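The structure appears right after this line, and notes come after that.
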Amino acid sequence: MQRTKLSAQSILPLTCSRSGTCCFGKAVMLNPWELLCLSKQKKITPKEFRNQYCEFGGIRLRFNGNPDKKGQLACSQYIENMGCSVHLGRPLACRLYPLGRYIQFNKANYMYQGDKFPCLNDCSEVLELPKLSVGEYIKGQEAVQFEKAQDEYLIIMQNIADIGFELLLDSGLAASGDTKTLAVWRKMGNELPNLLAERIGQDWIDCLMTPEISDETLGPITFAQKHNDLLLLKAQEEFGNIQTLQELHKASVLMIGVALHLSRGLGADTKGISEHWIETAKNHGAKE
């Protein structure tokens, strides 16, 4: 498929939330703030929403509804002839569709695949809507707060990984000649999300995806920062007194696993990130 980069001045049609392709056959990934927003719209707790409507510990929306004419299953939040039941709390992936977003040199870029937008084929109401620039489109979709959440969680992902690096490089584990740790890092980068979630365990999955933050009215940046503090505190409590090389190995693997699982929820290249982290660790003395 052709991958086309768009500037803020590029023109594209406004997508429809009621009957287009966006509600069928997609992989909609979630970060913890998006999970909270969805649960608010459903008027249930984040854990309840995750358990009922998500996969892999909460990083992906479940698509198990009735199929469309192409046989693609509907999102669990789609109501036939009505549309999205949680539209006001929809995640960034839904707000940007059919655009993708990536960060390069600290700047957000947008792209789409193919030579024409799928909404033009499958969402007839789009033809009656005015065309907008990318900037106008994002503003209309109220995506800014969700982009802020995404960017904050990219920082948190690296903060979690840094703990894994410290446990390997600053503890004497790498200096001992350990070769097992990086091998597991690589394995996790290629691991299926259900297996990685199982490896991490429910306790860390809960802390990662459904943090116990009492004030649910917080904006995305403050919420993410409080979440970051909770994750760091949990790591300190669990790993502050470990001494043996085997304990250090397990702790390092766990932290990198948590970071990689979050990366998948952010729609990042989990395998590529794992390889980058492995090379970074090797450049600082770790062995494989």
For Gly240, the net charge from surrounding residues (Cβ-Cβ under 14 Å; K, R +1; D, E -1) works out to -4
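Rank these for me by crowding, Thr181, Thr222, Thr21, going from fewest to most other beta carbons within 10 Å.
Thr222, Thr21, Thr181
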Would you list which aspartates and glutamates come within 16 Å of Lys271, measuring only between C-alpha atoms, while excluding same-chain residues fewer than 8 positions from it?
Glu191, Glu279
One finds, for Leu245 and Lys187 with R0 = 25 angstrom and r their Cβ-Cβ distance, a FRET efficiency to the nearest 0.05 of 0.85
Cβ-based exposure ranking for Lys70, Lys47, in which fewest neighbours within 10 Å come first:
Lys70, Lys47
Here, Glu238 and Gln41, labelled 7 Å along Cα→Cβ, have an inter-label distance in nm of 3.1
Segment Met82-Glu288, extension gain: residue separation times 0.36 nm, minus the distance between their alpha carbons
68.8 nm
Determine, for Lys139, Lys234, the number of other Cβ atoms within 10 Å of each Cβ, and report the residues in order from fewest to most.
Lys139, Lys234
Return the aspartates and glutamates within reach of Lys148: Cα separation strictly under 14 angstrom, same-chain partners fewer than 8 residues apart disregarded; answer none if there are no such residues.
Glu34
In the P(r) worked out for region 149-276, what percent of Cα pairs fall beyond 19 Å?
47
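We did not get these values from a lab; they are worked out from the coordinates using the rules stated. In this text, all values refer to a predicted model and were calculated from it rather than measured experimentally. Glycine gets a Cβ as well: all are built from the backbone with ideal geometry, and neighbour counts include every protein chain shown.
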